[in-house]
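Q: Can you keep this structure in mind? I'll have questions shortly.
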Amino acid sequence: MSAATTRSRTPDRLCAEAVDLARAAAEEAAAPGIVGEHVGTVSEGDRVVTHFFECRELGYRGWRWAVTVARASRAKIVTVDEAALLPGPDAVLAPEWVPWSERLRPGDMGPGDLLPTDAEDLRLEPGWSGEDEPPPNSVVSDDMAALAEAEDADVTAGPLAVPARGSIAAVAEELGVRRARVLSRFGLHIAADRWEEAFGAKTPMAQAAPAACVSCGFLARIGGSLGQAFGVCANEFSPADGRVVSLAYGCGGHSEAAVMPRPPQPPSPVIDETRVDPFPLRPAPDSGSVAATADESTEDLGHS
């Protein structure tokens, strides 16, 4: 370590003792009563020292008034270089500024908010490029486009007079592909990754689920290439109700996870239809517990 480096790290004695000078400069820059106690000094170089004072301004917790003083070589008079309010090690600072395009997160948009898309957004690709030109990824084949063009070969010079029902634009609109831009392969991939992360097989809910959504009756299928791996949950008691879920996702609301037991039913009565049980209209004379005796007073009247 050189002698110059040692001198720069050791505060100059006269500059370090100029606390009152530094406080006066801080009070002149700040409002009255804002400058607090002296909290330390830092050597900035040869005969250059910065004094730090506590800041009592509301809303500036942890900030310090920094006053830098210096003196010329072989001079005994210390002068003030500058005074500023600087954040300390534990100061409350505003978060680092982030552009709005990177700051926006899913769910931040509210009613009336507009989210413009960049003309070169990688998530989108051209979907409709002209009035009578099929989009690059349209389901309308090139053969059909060539056929439509051949049918108009005899039309006189001027704007094409293709019937509305036979134009490529009408076919594209009927098939639902007449859009300025559609999702690109990159846009599909990042959407699938986002949905897989939110409601995929690796989530804690899916790990504890009794079965996957692919076998759930509450799964509503979606079309397109994404329908091979995703669907929409239609179970109002599921945490993913109304959300796009992976077919490998699952929860406790699976339609076949648990079946409610049926209420117990009493057994059916047993009826033996192979034999007949006699039921006499009149009991036998000797079937009672008291033997039947003839009553002479009733025999004459025809009673038995």
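The values are calculated or read from the model by the stated rules, or taken from the named source; none is laboratory data. Given the structure is predicted, the values throughout are model-derived calculations rather than measurements. With ideal geometry, Cβ positions are generated from the backbone for all residues, glycine too; neighbour counts draw on all protein chains shown. Ligands, DNA and RNA are stripped out before the accessible areas are found, and what is left, the full protein with its side chains, is counted by its heavy atoms. Shrake-Rupley method; radii C 1.70, N 1.55, O 1.52, S 1.80 Å.
Q: Just to verify a number: what accessible area does Ile222 come out at with the full protein assembly present, 1.4 Å probe, Å² rounded to tens?
A: Surface open to solvent at Ile222 totals about 50 Å².
Q: Moving on to the next point. Within segment 30-77, what whole-number % of the accessible surface is contributed by carbon and sulfur, with the 1.4 Å probe and all protein chains included in the calculation?
A: That fraction is 50 percent.
Q: Between Thr79 and Ile222, what length comes free when the chain is fully extended (0.36 nm per residue of separation minus the Cα-Cα distance, one decimal in nm)?
A: 43.8 nm
Q: Would you pull out the residues with amide H under 5 Å of Asp12's amide H, same chain only if 5 or more places away, H placed 1.01 Å from N?
A: Correct list: Arg47, Val48.
Q: Also, quick follow-up: If I stretch the segment between Arg61 and Asp90 completely, what's the gain in nm (0.36 nm per residue apart, minus their alpha carbon distance), one decimal?
A: Gain on stretching Arg61 to Asp90: 9.6 nm.
Q: FRET efficiency for Ala24 and Trp97, Cβ-Cβ distance as r, R0 = 45 Å, nearest 0.05?
A: 0.80
Q: Same structure again: So what does Leu226 come to for accessible area, using a 1.4 Å probe and Å² rounded to 10?
A: Solvent-accessible area, nearest 10 Å²: 30 Å².
Q: Another question, if that's okay. Per residue of segment 192-202, what does 6.51 cos²θ - 1.76 cosθ + 1.60 with θ = phi - 60° give for ³J(HN,Hα)? Whole Hz please, x for Gly and Pro, Karplus curve as stated.
A: So the J values, rounded to whole Hz, are 5, 5, 5, 5, 5, 6, 7, 9, x, 6, 8.
Q: At a Förster distance of 35 Å, what's the computed FRET efficiency of Asp121 paired with Arg243, Cβ-Cβ distance as r, to 0.05?
A: Details: r = 24 Å, r/R0 = 0.68.
About 0.90, to the nearest 0.05.
Q: For Phe218, what residues show an amide H to amide H distance below 5 Å, using hydrogens built from the backbone and excluding near sequence neighbours?
A: Sorted by chain and number, the residues that satisfy this are Ser255.
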